[in-house]
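Take a look at the structure below.
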Amino acid sequence: MGVRRRLGLVLSVAVLAGASAVGAATAQSATPPPITREACTVAGGQISTVPGGGAICALPDGSRQPIA
């Protein structure tokens with residue numbers, strides 16, 4: 001009985017670790033890629049500067065993307 005419990009515990013930990021890795025990979029891929037100034041204006045977005053010298057594109061759907 002002790003071996004079954006240990007095996008179950010090891011399998012549970014492995015499954016949770018795998019789910020965490022998938023979640024982290026999904027979070028990284030959710031970051032939008034930079035958009036060019038031309039693509040921003042063509043899409044109907046407005047370019048705004050941000051403190052620190054960067055610029056962002058505010059698109060009509062409410063999303064914001066960094067300018068490349």
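The values are calculated or read from the model by the stated rules, or taken from the named source; none is laboratory data. Just so it is clear, the model here is predicted, and its values are computed rather than measured. Please note: Cβ atoms are built from the backbone with ideal geometry, for glycine as well, and neighbour counts cover all protein chains shown. SASA here: full protein model, heavy atoms, side chains in, ligands and nucleic acids out. Shrake-Rupley method; radii C 1.70, N 1.55, O 1.52, S 1.80 Å.
Structural remarks
- The stretch 53-68 residues that are free of Cβ contacts under 8 Å to residues at least 12 places away in the same chain, paired with ones that are open to solvent by 80 Å² or more (accessible area, probe 1.4 Å) and among the charged types (D, E, K, R) (beta carbon under 8 Å, 6 or more apart): I56/R64
- Within the stretch 35-54, the only residue that satisfies the criterion of being among the charged types (D, E, K, R) and either within 10 Å of P66 (Cα to Cα) or open to solvent by less than 50 Å² (accessible area, probe 1.4 Å) (or both) is R37.
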